[in-house]
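K.L.:
The structure's right below; bear with me while I get my questions together.
The values are calculated or read from the model by the stated rules, or taken from the named source; none is laboratory data. In this text, all values refer to a predicted model and were calculated from it rather than measured experimentally. Methodologically, a virtual Cβ is constructed for each residue, glycine included, from the backbone with ideal geometry; neighbour enumeration extends over all protein chains shown.
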Amino acid sequence: MKNRLRVLRAEREWSQADLAERLEVSRQSVNAIETGKFDPSLPLAFKLARLFGATIEEIFTDESQG
Amino acid sequence: MRFLECKTNNPAVWRFTFRFGFLSLLYAVFGVLSTCGLLLWHPNGVLTWLLAILPTIPIAGAVVLTGRYMSEEKDEFQRAVLVQALLGGIGATLVVTTVWGFLENYAHFQRLNILMIWPLYLIFVGIAYGLVKARYR
């Protein structure tokens, strides 16, 4: 699943480790989500959305929806 | 498993690694105790049974421990990696031991010592863990 995490993170000048700390997950988790290799669960997606003050749809793009 | 990843400050990982290491050591000790006890003392009845299944106690403990770690681990990605590594390890162990079993039955292969299956499983899980981590890198 594509996402705008890298952009949103860069806007705030956060490193992957900074974001991982805020989400209470490992840096590897952030990297896997950011590169689209791992899709987060709904609770984690909501946590991300809250953290960036955005909706889930603004962060993640459903590739199956043309 | 997680002990392959040296840099971590996750307390659940440390607890799991320490307890898993202790159970693996216990497995080796119980394996020696069971084998030596059965060969040297020639016990009878219930004692034979107890000595024979002694090494399985740490294995059962490791299964419970793994389940506990899964519920303690808050990082869903790390949980997913471990689940895939465990599935890989279980699958590889199943395939290898089954192939070996058929070779024992029909091709007169040397009998695979049952004590080797747990270390074999750990090796396969370790390899699978490395491969899964590499895929997400």
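K.L.:
Could you check segment A:1-28 and list, in sequence order, the residues that are among the hydroxyl-bearing types (Ser, Thr, Tyr) and modelled with pLDDT of 95 or more? Lay out the reasoning, then the answer.
P.N.:
Kept after step one, since they are among the hydroxyl-bearing types (Ser, Thr, Tyr), are these residues of segment A:1-28: A:15, A:26.
Passing the criteria: only A:Ser15.
K.L.:
State all residues of segment B:56-76 that are touching a residue at least 12 places away in the same chain (Cβ under 8 Å) and either within 12 Å of another protein chain (Cβ to nearest Cβ) or crowded, with 19+ Cβ neighbours inside 10 Å (or both); if no residue qualifies, say none.
P.N.:
Passing the criteria: B:Pro58, B:Ala62, B:Tyr69, B:Glu73, B:Lys74, B:Asp75.
K.L.:
Could you list, ordered by first residue, the pairs with Cβ atoms under 6 Å in which the first is in segment B:1-26 and closer than 16 Å to B:Leu82 by Cα and the second is assigned to a loop (DSSP other than H, G, I, E, B) and modelled with pLDDT of 80 or more, at least 6 apart or interchain?
P.N.:
That search, which allows pairs on different chains as well, returns B:Ala12/B:Glu73.
K.L.:
Can you go through B:Leu54, B:Leu39, B:Leu65 and tell me which one is over 19 Å from the mean Cα position of the chain (by Cα) and among the hydrophobic types (A, V, I, L, M, F, W, C)? Please lay out each step first, then the result.
P.N.:
Working: B:Leu54 fails: over 19 Å from the mean Cα position of the chain (by Cα); B:Leu65 fails: over 19 Å from the mean Cα position of the chain (by Cα).
Just one listed residue meets the conditions, B:Leu39.
K.L.:
Can you confirm whether B:Ile53 is surrounded by 15 or more Cβ atoms within 10 Å (Cβ to Cβ), away from every other protein chain (no Cβ under 14 Å) and among the hydrophobic types (A, V, I, L, M, F, W, C)? Walk me through how you get there before you give the answer.
P.N.:
On the way: surrounded by 15 or more Cβ atoms within 10 Å (Cβ to Cβ): no; away from every other protein chain (no Cβ under 14 Å): yes; among the hydrophobic types (A, V, I, L, M, F, W, C): yes.
Spelling it out, it is not the case that B:Ile53 is surrounded by 15 or more Cβ atoms within 10 Å (Cβ to Cβ), away from every other protein chain (no Cβ under 14 Å) and among the hydrophobic types (A, V, I, L, M, F, W, C).
K.L.:
Considering only residues of segment A:1-35 that are of a type in the set (Gly, Ala, Ser) and within 11 Å of chain B (Cβ to nearest Cβ), which is farthest from B:Asn10 (Cα to Cα)?
P.N.:
As a first pass, look at segment A:1-35 and keep what is of a type in the set (Gly, Ala, Ser): A:10, A:15, A:17, A:20, A:26, A:29, A:32.
Narrowing further to those that are within 11 Å of chain B (Cβ to nearest Cβ): A:20, A:26, A:29, A:32.
Working: A:Ala20: 12, A:Ser26: 9, A:Ser29: 13, A:Ala32: 18 Å.
Of everything passing the filter in segment A:1-35, A:Ala32 is farthest from B:Asn10 (Cα to Cα).
K.L.:
Please enumerate the residues belonging to segment B:97-115 that are part of a helix (DSSP H, G or I) and either touching a strand residue (DSSP E or B) at 6+ places or on another chain (Cβ under 7 Å) or surrounded by 13 or more Cβ atoms within 10 Å (Cβ to Cβ) (or both). Quick ask: steps written out before the conclusion?
P.N.:
Looking only at segment B:97-115, we keep the residues that are part of a helix (DSSP H, G or I), and these are B:97-107, B:114-115.
Correct list: B:Thr97, B:Trp100, B:Gly101, B:Leu103, B:Glu104, B:Leu115.
K.L.:
Please specify each residue of segment A:28-66 satisfying the condition of being touching a helix residue (DSSP H, G or I) at 6+ places or on another chain (Cβ under 7 Å) and under 15 Å from B:Ala80 (Cα atoms).
P.N.:
A:Gln28, A:Ser29, A:Val30, A:Asn31, A:Ala32, A:Ile33, A:Lys37, A:Phe38, A:Pro40, A:Ser41, A:Leu44 - these are the residues of segment A:28-66 that are touching a helix residue (DSSP H, G or I) at 6+ places or on another chain (Cβ under 7 Å) and under 15 Å from B:Ala80 (Cα atoms).
K.L.:
Output the number of residues of segment B:1-34 satisfying the condition of being at pLDDT below 90, of a type outside the set (Phe, Trp, Tyr) and closer than 17 Å to B:Val125 by Cα.
P.N.:
Of the residues in that region, 7 qualify.
K.L.:
May I pose another question? Residue check: is B:Gln84 farther than 29 Å from A:Ala32 by Cα, outside the structural domain of B:Arg19 (by TED's automatic domain parsing) and either surrounded by 13 or more Cβ atoms within 10 Å (Cβ to Cβ) or out of contact with any helix residue (DSSP H, G or I) (no Cβ under 7 Å at 6 or more places or on another chain) (or both)? Quick ask: steps written out before the conclusion?
P.N.:
Working: farther than 29 Å from A:Ala32 by Cα: no; outside the structural domain of B:Arg19 (by TED's automatic domain parsing): yes; either surrounded by 13 or more Cβ atoms within 10 Å (Cβ to Cβ) or out of contact with any helix residue (DSSP H, G or I) (no Cβ under 7 Å at 6 or more places or on another chain) (or both): yes.
It is false that B:Gln84 is farther than 29 Å from A:Ala32 by Cα, outside the structural domain of B:Arg19 (by TED's automatic domain parsing) and either surrounded by 13 or more Cβ atoms within 10 Å (Cβ to Cβ) or out of contact with any helix residue (DSSP H, G or I) (no Cβ under 7 Å at 6 or more places or on another chain) (or both).
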